[in-house]
Amino acid sequence: MAGESLKGLREERGWSQGELAAWLNERLGRKYDRSQVSRWESAAERTPKTVAELVETERGSDRPRHATVVMAGNQKGGTAKTETSLCLAYCLLAQGARVLLVDCDSQGSATVHLGYSPAQIDRMEAERQTLYYALADDRPFTDYILQTSEPRLDLVPAFVSLSDADVELATGKLTTIRHRIGEVRHLYDYIVLDTAPNLGLVTVGALEAADLLLVPVQTESLALVGLRHVLRSLEGLRRRRNPHLEVIGILPTLFSARLTQDKATLEDLWRAYGERYRIYDPIPRATVYGQAAAAGVITLSAVKTVPGRAVFEQVAADVRAAARARKEKKLNVA
């Protein structure tokens with residue numbers, strides 16, 4: 001019976017036996033592997049009591065969700081925000097979470113990266129199925145949510161129509177992102193917002209909706225000049241519009257250890273911001289990221305040995321820890 005429940009949980013979440021073993025190890029602090037899961041499922045070996053209890057709790061739980069909203073933001077382009085959003089979402093999925101990715105960029109980068117073709121996106125625009133229409137129309141927000149090829153990962157797509165939203169948000173003609181997300185927070189564990197390379201009102205609206213902020217920054221010569229302005233703007237917006245927003249950290253991206261300038265920029269980043277913000281190890285520049293984007297798949301899903309995978313996993317672990325801390329704080333206050 002325990003083996004059947006174990007297999008049922010795995011199939012519900014779309015996991016391989018190895019992925020289920022990794023989830024059990026994270027939850028229980030053990031070192032199970034795929035072969036052990038296989039033996040439990042086939043009843044060739046008795047399922048440990050702690051494993052069986054955890055599985056039954058997970059399968060029988062109708063626990064109310066209240067999604068933690070995470071935003072990847074930087075008003076400078078070319079910082080790998082979309083890649084960061086997708087890889088973070090994937091790492092959260094790997095631990096059993098249900099995740100909604102909201103594409104808040106009129107370029108539709110996340111939508112394209114998840115495999116939607118230009119023809120499909122044109123059809124979604126014509127049928128008013130993208131984020132702009134979710135803000136403009138009064139249908140339920142769930143009407144705009146698409147299932148992706150990744151189990152438990154959903155998407156609200158965006159494209160060029162969203163470029164009109166900044167003006168219309170200023171005049172109060174559109175519903176806010178925060179309001180719309182509030183309609184579905186009970187359906188997800190995490191909502192990840194991929195934002196445009198600007199601080200227009202759509203991006204500001206994403207900031208208002210977010211609980212946690214991650215700032216990707218490319219390790220290039222002018223990065224620190226732009227980052228200084230970004231952080232100043234974000235801190236100002238946080239004080240005025242979302243005082244509970246927490247900065248998870250700064251994620252250096254597109255790093256090449258062969259380039260003296262990249263190494264110097266990374267050192268400067270630590271000197272300038274290391275005492276105030278968490279600065280993660282850099283994500284290396286690697287062709288596999290561009291290849292995955294061109295193929296319309298999440299890099300970490302398509303390729304197991306990706307440079308930077310451990311860094312994204314650490315970011316996801318910190319997001320989970322921050323989400324738990326925020327929820328415990330609310331319980332304590334209540």
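The values are calculated or read from the model by the stated rules, or taken from the named source; none is laboratory data. What you see is a predicted model, and the numbers here were worked out from it, not measured in a lab. Note that we place each Cβ from the backbone using ideal geometry, even for glycine, and neighbour counts take in every protein chain shown. Keep in mind that these areas ignore ligands, DNA and RNA; they rest on the heavy atoms of the full protein, side chains included. Shrake-Rupley method; radii C 1.70, N 1.55, O 1.52, S 1.80 Å.
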Residues satisfying the stated conditions in region 190-210, i.e. open to solvent by 20 Å² or more (accessible area, probe 1.4 Å) and charged (D, E, K, R): GLU208
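Counting residues that are open to solvent by less than 60 Å² (accessible area, probe 1.4 Å) and touching a strand residue (DSSP E or B) at 6+ places or on another chain (Cβ under 6 Å), which helices (runs of 4 or more DSSP H) fully inside region 5-121 reach at least 3?
In region 5-121, 81-93 are the helices (runs of 4 or more DSSP H) which contain 3 or more residues that are open to solvent by less than 60 Å² (accessible area, probe 1.4 Å) and touching a strand residue (DSSP E or B) at 6+ places or on another chain (Cβ under 6 Å).
Kindly indicate which of ARG139, ARG128 is in contact with an Asp or Glu (Cβ under 8 Å, 6 or more places away or on another chain), of a type outside the set (Val, Ile, Thr), surrounded by fewer than 22 Cβ atoms within 10 Å (Cβ to Cβ) and assigned to a loop (DSSP other than H, G, I, E, B).
Details: ARG139 fails: in contact with an Asp or Glu (Cβ under 8 Å, 6 or more places away or on another chain).
One residue alone meets the criteria, ARG128.
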First in region 230-247 and closer than 14 Å to LEU214 by Cβ, second anywhere and of a type in the set (D, E, K, R), Cβ under 6 Å, 6 or more apart: LEU245/ARG238
Condition met for ARG324 (open to solvent by 60 Å² or more (accessible area, probe 1.4 Å) and under 21 Å from SER221 (Cβ atoms)): no
Of all residues making up region 142-158, the number that are open to solvent by 10 Å² or more (accessible area, probe 1.4 Å) and part of a helix (DSSP H, G or I): 2
Selection count, region 249-284, where residues are touching an Asp or Glu at 6+ places or on another chain (Cβ under 6 Å) and β-branched (Val, Ile, Thr): 0
Which listed residue is among the basic types (Lys, Arg), within 20 Å of LEU227 (Cβ to Cβ) and modelled with pLDDT of 90 or more, from ARG285, ARG309: ARG285
Filter pass, ARG258 being of a type in the set (Lys, Arg), surrounded by fewer than 17 Cβ atoms within 10 Å (Cβ to Cβ) and in a helix (DSSP H, G or I): no
Residue pairs meeting the criteria (Cβ under 7 Å; at least 6 apart or on separate chains; first under 26 Å from LEU269 (Cα atoms) and open to solvent by 90 Å² or more (accessible area, probe 1.4 Å), in region 281-294; second assigned to a loop (DSSP other than H, G, I, E, B) and of a type outside the set (A, V, I, L, M, F, W, C)): ARG285/SER256
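Quick one: would you say LEU251 is farther than 29 Å from LEU155 by Cβ, touching a Pro at 6+ places or on another chain (Cβ under 7 Å) and either among the polar types (S, T, N, Q) or at pLDDT 90 or above (or both)?
No.
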Residue satisfying all of: in region 159-181; part of a loop (DSSP other than H, G, I, E, B) and of a type outside the set (Phe, Trp, Tyr); most open to solvent (accessible area, probe 1.4 Å) among these: LYS173
Checking LEU214 against (1) touching a residue at least 12 places away in the same chain (Cβ under 8 Å); (2) in a helix (DSSP H, G or I), the condition it does not meet: (2)
Looking only at region 288-315, and only at residues there that are over 27 Å from TYR277 (Cβ atoms) and assigned to a loop (DSSP other than H, G, I, E, B), the one that is nearest to the chain's Cα centre (by Cα): VAL297
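The rows are residues; the columns are (1) among the hydroxyl-bearing types (Ser, Thr, Tyr); (2) under 15 Å from PRO284 (Cα atoms).
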{"position": "LEU213", "(1), (2)": "no, no"}
{"position": "ALA223", "(1), (2)": "no, no"}
{"position": "SER233", "(1), (2)": "yes, no"}
{"position": "GLY249", "(1), (2)": "no, no"}
{"position": "LEU259", "(1), (2)": "no, yes"}
Which numbered condition LYS49 misses (of (1) out of contact with any Asp or Glu (no Cβ under 7 Å at 6 or more places or on another chain); (2) within 22 Å of PRO282 (Cβ to Cβ)): (2)
